[in-house]
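Below: the structure, in structure tokens.
The values are calculated or read from the model by the stated rules, or taken from the named source; none is laboratory data. All of these numbers come straight from a predicted model, not from anything done at the bench. All Cβ positions, even for glycine, are placed from backbone atoms using ideal geometry, and neighbour counts span all protein chains on display.
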Amino acid sequence: MLRCYVMLKTVEKIHGRRGKTFLLKLLRGSREYSVEKAVWEFDLVPLWGALYRMERVEIESLMAELTEKGWIYIEDVSTGGYTFPFVHISRQGRAELASLNETEENRLNSYLEQACFVQKSPEVSNEGILLDNILFYLVGLLELWKNHASKNMDLTDLIGQMDPEFTTAEMLNKLLYRSTPVKLQEQFREPYVVNIVCYQLSNQVRQLLSVLPEQESMVIRSRYQVKDSMYRPLIDIMKHYGLMERDVQYTVKRFLSHFANRSYIERYPFVAAIVDLLAESLGLEDSSSLSPVRDTAQVTYEMYQNGRTISEIAKERGLAVSTIYAHFARLIPKFRISLDEILPAERIANILQAADTTGGVSLRAIKEQLPSDYNYGEIRLVMELERNWKAA
């Protein structure tokens, strides 16, 4: 029912002002200027890209199902001397939406929280997942410490209030011990010392957040529940910045990657302490080998090796098909994959023929010579590998 709610809610907002093609582009998260402009015009965040994990044909099937039930309909609308088939929501559809609003709106918000923060992107490595976990509990401990009553607890009581797994509790113990001044380390579990260490760590967390780009800083505050004056719930952040679910995932991934960036390690004692702790816990001889984020093309290659098709890889990773083809422009030479393993020989021949016809001056000119089911990603892949062609 959540998918049904998303489509009905979107159609209600664009009722009689946009068509079927626009609706498909919007729900799949198109970045076309006309779509982005309409997102703000009709207040379509966070519906924008809400169904990006679905194939186009699946969304069309959902649309057909709602049309058959009489909840939405297509009606020609004349504007500027032209007639366009715009999407409308029926009275019956509005009644159904009203009945879904109370439960499904909360489910949509919950889904976005879960999809962005619980499901891990395949590009986040095992090291990155461990890093994310330790940051989550560390910030939770610091937030708990801010409670006046908690300031009188020793470290064992403070960590015990969060009830983390044994391994996480051990890592927190080590981190706080190493952050304790040497002269106080013998007393480091006592409330007085815990106050000093938590205060210092809180300042270092704030210092790190202050140098991040604003959008990234806001998402991370939401991710780790840093409830300072800048804190906002995720849905508010998405609406404020016009973000989609995949934008939030990318922002979290980018933040984690900072912990393998030498400049961040050198500038911030907090980052250096976390990295050293992780390297030791993972048995790494050198912290520079820590990789919280995996190479995006490598992830594509591993999924391809496991038998996934291009469209399946794109759907599972929430990326455009053209992006996956761009990965193969790197993967084919690196792993000596044959191009015709990725694309049927007939499609390769058709693209090359279209390039010969147009002189290969642009991707657009080549695409115009081909059937509509050809996309720019596969055209670029063929041109770069077969013709060593680069767009101007």
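Points worth noting:
- Being closer than 22 Å to Ser281 by Cα and among the hydrophobic types (A, V, I, L, M, F, W, C) holds for only one residue in Met162, Met230, Met218, and it is Met162.
- Here Val139 meets each of (1) within 24 Å of Tyr250 (Cβ to Cβ); (2) in contact with a Leu (Cβ under 9 Å, 6 or more places away or on another chain) with one exception, condition (2).
- Residue that is within 21 Å of the chain's Cα centre (by Cα) and surrounded by 19 or more Cβ atoms within 10 Å (Cβ to Cβ), where the choices are Arg232, Arg221, Arg254: Arg221
- Taking (1) in contact (Cβ under 8 Å) with a residue 40 or more places away in the chain; (2) within 25 Å of Ala50 (Cα to Cα); (3) aromatic (Phe, Trp, Tyr) in turn, Phe270 satisfies each apart from (2).
- Unique match (being closer than 25 Å to Lys253 by Cβ and either of a type in the set (D, E, K, R) or modelled with pLDDT under 90 (or both)) among Ala355, Ala297, Ala314: Ala314
- Residue count, region 223-239 (criterion: basic (Lys, Arg) and assigned to a helix (DSSP H, G or I)): 2
- Test set (1) more than 30 Å from Ser202 (Cβ to Cβ); (2) over 26 Å from the mean Cα position of the chain (by Cα); (3) of a type in the set (A, V, I, L, M, F, W, C) - Met153 fails condition number: (1)
- Helices (runs of 4 or more DSSP H) contained in region 103-222 and holding at least 3 residues out of contact with any Gly (no Cβ under 9 Å at 6 or more places or on another chain) and more than 30 Å from Tyr241 (Cβ to Cβ): 155-162, 166-178, 191-211
- Some residue of region 116-135 being under 30 Å from Gly19 (Cα atoms) and either of a type in the set (Asp, Glu) or in contact with a helix residue (DSSP H, G or I) (Cβ under 7 Å, 6 or more places away or on another chain) (or both): yes
- Subset of region 14-65 [touching a helix residue (DSSP H, G or I) at 6+ places or on another chain (Cβ under 7 Å), free of Cβ contacts under 8 Å to residues at least 12 places away in the same chain and either basic (Lys, Arg) or surrounded by 17 or more Cβ atoms within 10 Å (Cβ to Cβ) (or both)]: Lys25
- Where Ala320 falls short, out of the listed (1) closer than 19 Å to Asp373 by Cβ; (2) free of Cβ contacts under 8 Å to residues at least 24 places away in the same chain; (3) surrounded by fewer than 20 Cβ atoms within 10 Å (Cβ to Cβ): (2)
- Residues of region 257-282 classified as among the charged types (D, E, K, R) and surrounded by 19 or more Cβ atoms within 10 Å (Cβ to Cβ), total: 0
- The combined condition, being surrounded by fewer than 19 Cβ atoms within 10 Å (Cβ to Cβ), under 25 Å from the mean Cα position of the chain (by Cα), assigned to a helix (DSSP H, G or I) and not aromatic (Phe, Trp, Tyr), is not fulfilled by Lys334.
- Some residue of region 100-114 being within 30 Å of Leu256 (Cβ to Cβ), touching a residue at least 60 places away in the same chain (Cβ under 8 Å) and among the aromatic types (Phe, Trp, Tyr): yes
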